[in-house]
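A short write-up of the structure that comes next.
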Amino acid sequence: MLLKGSAVLENVDEANLSRELEIAKFRNYGRENFSELIPYNVSYKSFIANSSKFYSIKLPDEISEYFIRVDLAPYFMMSEAPILADIQELILLKGSEYNFVANFREVKNHYHKWLIQKTPKEKIFFANTIINSVERNFSFQNFYNIALYGIILTYDKNSYNPRKAVELFDRAYEVVQSCKFSDRIKNKISYILKVYKGFAYLKEYEYLKALQTFKEALGINANGVTAYFYAALSARYIDNFDLSYDYLREIIEFDRARFRYAINFNQLKLFSFFYENAIFYNVFTENGFAQLLPDLDFLIKSLYSGEPNSMEVTYSKLINLDNLRIKEFFNDSVFREIQFLKEALDHYKLKNSGLIRIVEQIFRDKLVTLIEYIRNLIETHYFEQIKEE
C-alpha cells in the first residue's frame with residue numbers, strides 16, 4: 001500500500017534526521033581522536049608552503065605522492081611537484097614539438113591569477129581569458145593548457161561545465177600518449193589527468209564513472225594514494241561498503257609506510273611531518289564516509305599495538321637498556337638508534353590523539369630490532385675472543 005503524503009514526509013524527515021545525527025557523530029569522532037590534525041580549511045598559501053616542504057624531501061616512489069584533495073586540486077598545478085617542472089622543461093625546450101611556448105606562459109600566468117583572485121569579477125575575467133586563449137588554437141594546444149582549461153570548467157563557478165571538462169581531460173590524455181615522453185613522465189602525467197577527470201565526475205555526482213576513472217588511475221600508478229582515497233569515497237557513494245573499506249585500508253597503510261620509513265632512517269623531523277600531515281586525517285573532512293564510522297573505528301583499532309600506554313612502556317625499556325653496563329659493545333649505529341628513540345619517544349609518549357596508537361608498534365619493533373642487534377654484537381665479541389684463545 002502506498003504511503004500517504006504526511007507519512008512520506010515523516011519518513012523523509014526521519015531519514016534526514018538520522019543522516020544529520022550520523023554526520024554529527026562522525027565529525028565528533030574526528031574531533032575527539034584527531035583534534036587539530038584534521039585539515040578542514042587550507043589556503044592557497046598554506047598548500048604551496050606545505051607541498052614545497054614535501055617536495056624538498058627525496059622519497060622512494062611508493063610513498064612519494066603528495067595527496068591532492070578534491071577541493072584543493074586547482075592549487076596543485078602551481079606547486080613545485082617535480083613532474084610539473086619536467087613538463088615545463090619539455091614544453092619550453094628550444095625546438096620543442098609540444099607547441100606554443102608563449103601561449104604556455106600566458107595561460108599559466110592567467111591561471112595563477114585566477115587562483116589568487118578574491119573578487120568574482122576578476123575571477124571571471126581570468127577564467128574567460130584562459131578559455132579564449134586555449135580555444136583560439138585548440139587543435140594545436142599542449143596538454144598542459146588543455147588540462148588547465150578543464151580545471152577551470154570543473155572549479156570556476158561561472159564557467160562550470162564538468163561534462164566538457166571530462167572531454168578536455170580525455171583530450172589532454174590523448175595528446176600525452178602521442179608525445180615522445182619517457183614512460184616515467186608519461187605515466188605521471190596520465191595519472192594526474194585521470195585524477196582530475198575523476199574529480200569532474202565527482203562534481204556531477206557520477207560516482208560509478210568516478211570510481212572507474214580512479215581505478216584507471218590506479219592501473220597507471222599502483223601507489224596512487226589520491227586515487228585510493230577518492231575511489232574509496234566513490235565506492236561508498238554507490239554503497240559498495242566493502243570496496244570502500246578496502247581502499248581506506250590502503251590509505252592508512254600508506255601513512256604507516258611513511259611513518260616506518262622515517263623511523264627506520266632516524267628522521268624525527270620527517271616523521272613529525274608525516275604524522276602531522278597523515279592522509280588518513282582527510283577522511284574526516286568528507287561526510288560521505290560517515291556511514292562507515294564503525295568500520296573506520298575498527299580499522300584504526302585493528303592496527304593498535306594492543307598494549308595500553310605502549311609508548312611509555314617502550315620508552316621505559318629503552319632507558320633500562322641505555323642504563324645497562326654494556327656500552328662497551330655499542331658501535332656508532334647503536335648510539336644513533338638510542339638517541340633517536342629517546343628523542344622521538346620522549347616527544348610522543350604522552351600524546352593520545354591522531355594515529356599515535358598505530359605508531360607505537362613501529363617504535364616497539366624498532367627497539368626489539370635494536371636489542372637483537374646489540375645481542376648479536378655481544379655474541380660476536382665473545383665468539384671472536386674464543387677464536388683467539
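Quick note: the coordinates plus some simple rules give every number you see, no bench work behind them. Fair warning: this is a prediction, and the values are worked out from it, not measured in the lab. Don't worry about glycine lacking a Cβ; one is built from the backbone with ideal geometry, like all the others, and counts go over all protein chains shown.
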(request) Could you calculate the contour length gain from ASP242 to SER272, that is, 0.36 nm times the residue separation minus the distance between their Cα atoms, to one decimal place in nm? (result) 7.6 nm
(message) Once each part is reduced to its C-alpha centroid, what is the distance from the stretch 21-44 to the stretch 329-361 in angstrom?
(response) 27 Å
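Using a Förster radius of 35 Å, what is the FRET efficiency between LEU377 and LYS351 based on their Cβ-Cβ separation? Nearest 0.05, please.
Values: r = 32 Å, r/R0 = 0.92.
It comes out at approximately 0.60.
So which of LYS164/LYS194; LYS25/LYS301; LYS269/LYS349; LYS327/LYS351 end up more than 22 Å apart by C-alpha? Spell out each step's value before the answer.
Values: LYS164/LYS194 15 Å; LYS25/LYS301 18 Å; LYS269/LYS349 16 Å; LYS327/LYS351 30 Å.
Violating the 22 Å Cα-Cα cut-off are LYS327/LYS351.
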(request) May I ask you to derive the FRET efficiency for TYR160 and GLU122 from their Cβ-Cβ distance with R0 = 25 Å, giving the value to the nearest 0.05? (result) 0.90
(message) What are the ³J(HN,Hα) couplings of the stretch 309-318, residue after residue, when phi is run through the Karplus curve with 6.51, -1.76, 1.60 and θ = phi - 60°? Round to Hz, x for glycine and proline.
(response) 6, 4, 5, 5, 5, 4, 5, 4, 5, 5
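Test of understanding: what is the full-extension gain from GLU89 to ASP13, defined as 0.36 nm times their sequence separation minus their Cα-Cα distance? Before the final figure, lay out the partial values.
On the way: separation 76, 0.36 × 76 = 27.36 nm, distance 5.65 nm.
Result for the pair: 21.7 nm of gain on full extension.
Please state the shape class of the stretch 128-201: rounded when a/c is under 1.5, otherwise prolate if a/b exceeds b/c and oblate if not, all from the C-alpha gyration tensor. Please list the in-between numbers first.
On the way: a/c = 2.57, a/b = 1.41, b/c = 1.82.
Oblate, because a/c is 1.5 or more while a/b does not exceed b/c.
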(request) Report the one residue of THR154, ASN137, ILE362 whose Cα lies farthest in the direction of the positive end of the charge dipole of the chain (charges on C-beta: Lys and Arg +1, Asp and Glu -1; origin at the Cα centre). (result) ASN137
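Please tell me the relative contact order of the chain in percent, rounded to the nearest whole number, where contacts are Cα pairs under 8 Å and at least six residues apart.
Values: 378 pairs, mean separation 58.1, N = 389.
Answer for the chain is 15 percent.
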(message) For the stretch 40-255, place one equal point scatterer on every Cα, skip the solvent, and apply the Debye formula. What is log10 of I(q)/I(0) at q = 0.13, 0.14, 0.18 Å⁻¹?
(response) -0.74, -0.87, -1.46
(message) Considering only C-alpha atoms, what is the centroid distance from the stretch 251-289 to the stretch 205-245, in Å?
(response) 20 Å
(message) Nothing charged except the Cβ atoms of Lys and Arg (+1) and of Asp and Glu (-1): what's the magnitude of the dipole of the stretch 282-389 about its Cα centre? Round to the nearest 20 debye.
(response) 280 debye
(request) Grab the Cα-Cα distance for ILE319 and LEU21, subtract it from 0.36 nm times how many residues apart they are, and report the gain in nm with one decimal. (result) 102.6 nm
(request) Mind running the shape call on the stretch 143-247? Use the C-alpha gyration tensor, a ≥ b ≥ c as the square roots of the eigenvalues: rounded below 1.5 for a/c, prolate if a/b tops b/c, oblate otherwise. (result) oblate
(request) Work out the length of the dipole vector of the chain about its Cα centre, built from +1 on the beta-carbon of each Lys and Arg and -1 on the beta-carbon of each Asp and Glu, and round it to the nearest 20 debye. (result) 1300 debye
(request) Can you tell me the dipole magnitude for the stretch 197-321 around its Cα centre, using point charges on the Cβ only (Lys, Arg +1; Asp, Glu -1), in Debye to the nearest 20? (result) 400 debye
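Write down Rg/Rh for the stretch 44-150, rounded to two decimals, with Rg from the C-alpha atoms and Rh from the Kirkwood relation over Cα pairs.
Values: Rg = 14.9 Å, Rh = 15.1 Å.
Taking Rh as the inverse mean 1/r over Cα pairs, Rg/Rh reads 0.99.
If R0 is 30 Å, what FRET efficiency do you get for LEU59 and ILE300 from their C-beta distance, rounded to 0.05?
Details: r = 24 Å, r/R0 = 0.81.
The formula returns an efficiency of 0.80 here.
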